[in-house]
């Protein structure tokens, strides 16, 4: 298996009170960089089968489509495409590995956060 569980440190803060200036500065200084990726289902056309389109949230620049894998569920297809896309970007962003920390569904796919 190539996946291992990871523990990510995070900051807890109250949902009902304003943070101090020092708290905000600490959050900014110590929060690690992450990538937020969006996937979208693209239905089959006359020339191509169903696909999953992957890009950074809010941008289509550098997006890539991945073929639908019928052995996987819908959610698993989106995870597989997002992971494959991030792995292809590793030579550009210098990341030796990624941690998938969250996912959320959208009307047309998913949003994943990798750190």
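For the range 82-98, a residue qualifies if it is touching a strand residue (DSSP E or B) at 6+ places or on another chain (Cβ under 7 Å) and either in contact (Cβ under 8 Å) with a residue 40 or more places away in the chain or not in a helix (DSSP H, G or I) (or both), and the qualifying residues are 82, 85, 86, 98. Name the residues in the range 48-63 that are in contact with a helix residue (DSSP H, G or I) (Cβ under 9 Å, 6 or more places away or on another chain) and in a strand (DSSP E or B), would you? 51, 52, 53, 54, 55, listed by residue number. Would you check if there is a residue in the range 88-104 being farther than 30 Å from residue 13 by Cβ, at pLDDT 90 or above and surrounded by 14 or more Cβ atoms within 10 Å (Cβ to Cβ)? So far as the range 88-104 goes, no, none of its residues is farther than 30 Å from residue 13 by Cβ, at pLDDT 90 or above and surrounded by 14 or more Cβ atoms within 10 Å (Cβ to Cβ).
For the range 10-47, the set of residues classified as more than 24 Å from the chain's Cα centre (by Cα) and either assigned to a strand (DSSP E or B) or surrounded by 12 or more Cβ atoms within 10 Å (Cβ to Cβ) (or both) consists of 19, 23, 24, 26, listed by residue number.
Based on what the data block shows, is residue 71 out of contact with any strand residue (DSSP E or B) (no Cβ under 7 Å at 6 or more places or on another chain), surrounded by 13 or more Cβ atoms within 10 Å (Cβ to Cβ) and in a loop (DSSP other than H, G, I, E, B)? No; evaluated as a whole, the condition is false for this residue.
The values are calculated or read from the model by the stated rules, or taken from the named source; none is laboratory data. The structure displayed is predicted, hence computed values, not measured ones. Cβ coordinates were reconstructed from backbone atoms using ideal geometry, including for glycine residues, and neighbour counts include every protein chain displayed.
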